[in-house]
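Asker: The following block contains the structure, expressed as structure tokens.
Rule-based calculations on the coordinates, nothing more; no lab input. Quick caveat, the model's predicted, so the values are computed rather than measured. Heads up, the Cβs are rebuilt from the backbone with ideal geometry, glycines too, and the neighbour counts pull from every protein chain shown.
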Amino acid sequence: MPQEIGDIKKFIEICRRTDASSARIKKNNKSQQIKFKVRCQRFLYTLVLKDSEKAEKLKQSLPP
């Protein structure tokens, strides 16, 4: 079941949870959107960013 997150700090907290199993980054060059998707046990959390600088910083701060 998908859920969209609007806050970057909340998304990072979700990424650090123990039930977060995988993360994907999808780039849409046409609309300049970058989507971060994290699969947890119950939900698939999605964060949509339009700023590429914020997306780069978030990509570096995600756990491996």
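Asker: Enumerate by residue number the trypsin sites (Lys or Arg not before Pro) in the chain meeting two conditions: DSSP loop (anything except H, G, I, E, B), and at most 16 other Cβ atoms within 10 Å of the site's Cβ. Numbers along the way, then the final one.
Answerer: Working: sites: Lys9, Lys10, Arg16, Arg17, Arg24, Lys26, Lys27, Lys30, Lys35, Lys37, Arg39, Arg42, Lys50, Lys54, Lys57, Lys59; in loops: Arg16, Arg17, Lys30, Arg42, Lys50.
When the trypsin sites (Lys or Arg not before Pro) of the chain are filtered for loop state and at most 16 Cβ neighbours within 10 Å, Arg16, Arg17, Lys30, Arg42, Lys50 remain.
Asker: If the chain between Lys26 and Phe43 were fully stretched, how many nm would it gain, using 0.36 nm times the residue separation less the Cα-Cα distance?
Answerer: On the way: separation 17, 0.36 × 17 = 6.12 nm, distance 1.77 nm.
Result: 4.4 nm gained on full extension.
Asker: Show me the three semi-axes of the equivalent ellipsoid for the chain, from the C-alpha gyration tensor (sqrt of 5 times each eigenvalue), largest first, rounded to whole Å. Before the final figure, lay out each step's value.
Answerer: Values: eigenvalues 72, 33, 19 Å².
That gives 19, 13, 10 Å for the three semi-axes.
Asker: Mind counting lysine pairs for me in the chain? Cα separation below 14 Å, and the two need to be 8 or more apart along the chain or on different chains.
Answerer: Within the chain, the lysine pair count is 20.
Asker: Rounding to the nearest 20 debye, state how big the charge dipole of the chain is about its Cα centre with +1 on each Lys and Arg Cβ and -1 on each Asp and Glu Cβ.
Answerer: Values: 16 positive and 7 negative charges, 38 e Å.
Computed charge dipole of the chain: roughly 180 debye.
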